[in-house]
Ligand code: NAP
């Protein structure tokens, strides 16, 4: 039987999962591919570290040249993470006409263009299914299943850590800090969770989803991004009373003016399909012209789901290689990609949840309401917590659909009132299922 030899740069969580899947599913893979896949070397920082039992110790190396310079290795699988030295090694592999598979969203979101053009120049491919939503085959669905459709909007829960924390807060009434600590104890959040809870990780994934959906490269740093650190137990409970759950959503939409993208906590109606996504699960809702709505749901992280996505990419590359060896060129990853700047969200209209923390003095409710009115913000609902005069209380406002800029200017003025004790909390409200 034909054999494909691969090398892994990294043998940590995902690397261990990849090796395990190649071993456990060997017979199925051979049957589907008509070839076997052999791991020849695995690059690590130290050969002595603790790792998955499936990883053969005698194949570990700390010298990347043993993989990059080995002519027998035709596919290099990058599972180290971060930008450097991953970027240099991946460029080196492509430069030697090796195909590449990576799970590295940071690398692909920030240096994708350079890597695609190097791959194209060398007539090889770079696959990165595992970089977005772990085991969920969302990139493959966009690239292949929906290849003939026009993608209009993508709305995703693409960060399992945020979803785990917000879901725990909803279910138990826990404060953000306690839910984060529980997520860290359970292994669902990093010791330094900033990239996850700050929204940066979701912005990198959204940039890759926009690339696959719209053929447009958007710098993740240019995506308006708001993390979940300001969501309080009070907001979760108030949202619940209003019929919503709070989710961190990554959204990309095509508009005539350009792509509209954002990552932020949103009040989602309880009956919305994304409201039911629990724990560390991910889900991506795609709206496309011919197909309508389709949902992709599953585990967005973990050695086995992510390892499975990596191995599926390896299998796809093997098929391309076999076609190439038979004289056919590999398919181009992206025939045309343009760089796009996301449009300003200032004039985008939506309903809002607003929580103003004030000293309870006579007339304060009226002042807040009339300030909102002066800025063109119509109020749908306004409630104030009960409290004695001089007590700190929360005032919850639900606005009608109004442009972002109007709400922002109103909140800036309200936050300047002497009676306001802390910056107000404002979150967008998602329309019902299928609506904006
Ligand atoms: P990890 O457990 O930290 O493993 C990283 C591996 O790379 C380790 O084996 C490490 O060696 C090796 N490594 C790191 N820097 C190196 C260097 N400079 N030289 C040589 N070896 C180096 O990371 P992971 O969780 O498997 O994640 C890998 C990639 O998958 C990342 O891009 C991540 O974003 C992505 N991803 C992960 C998940 C997930 O569930 N974990 C999900 C989706 C995507 P040592 O073993 O000696 O430390």
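The values are calculated or read from the model by the stated rules, or taken from the named source; none is laboratory data. None of these values were measured; they are calculated from a predicted model. Positions of Cβ are backbone-derived with ideal geometry, glycine not excepted, and every protein chain shown enters the neighbour counts.
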Which residues, taken from region 36-58, are surrounded by fewer than 17 Cβ atoms within 10 Å (Cβ to Cβ) and touching a strand residue (DSSP E or B) at 6+ places or on another chain (Cβ under 7 Å)?
36, 38, 40, 47
Would you check if there is a residue in region 397-411 being on the phi < 0 side of the Ramachandran plot and more than 33 Å from the chain's Cα centre (by Cα)?
no
Pull out all pairs, ordered by first then second residue, where Cβ-Cβ is under 7 Å, the residues are six or more apart or on different chains, the first lies in region 68-92 and is on the phi > 0 side of the Ramachandran plot, and the second is within 8 Å of the ligand (Cβ to nearest atom).
81/104; 82/106
Do we find that residue 410 is assigned to a helix (DSSP H, G or I) and assigned by TED's automatic domain parsing to the domain that holds residue 374 in this structure?
yes
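Does residue 409 count as out of contact with any strand residue (DSSP E or B) (no Cβ under 9 Å at 6 or more places or on another chain) and in contact (Cβ under 8 Å) with a residue 40 or more places away in the chain?
Considered against the rule, which asks whether it is out of contact with any strand residue (DSSP E or B) (no Cβ under 9 Å at 6 or more places or on another chain) and in contact (Cβ under 8 Å) with a residue 40 or more places away in the chain, residue 409 comes out as no.
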Of the residues 121, 140, only one is within 16 Å of the ligand (Cβ to nearest atom), assigned to a helix (DSSP H, G or I) and in contact with a helix residue (DSSP H, G or I) (Cβ under 9 Å, 6 or more places away or on another chain); which?
140
Hits in region 149-205 (condition: without any contact (Cβ under 8 Å) to a residue 12 or more places away in the chain and on the phi > 0 side of the Ramachandran plot)
187
Within the group 320, 357, which residue is farther than 30 Å from residue 394 by Cβ, away from the ligand (no atom under 16 Å from the Cβ) and surrounded by 14 or more Cβ atoms within 10 Å (Cβ to Cβ)?
320
Criterion (within 27 Å of residue 216 (Cα to Cα), within 16 Å of the ligand (Cβ to nearest atom) and modelled with pLDDT under 95) met by exactly one of 309, 349, 301:
301
Could you list, in sequence order, all residues of region 380-407 that are under 30 Å from residue 284 (Cβ atoms) and assigned to a loop (DSSP other than H, G, I, E, B)?
400, 401
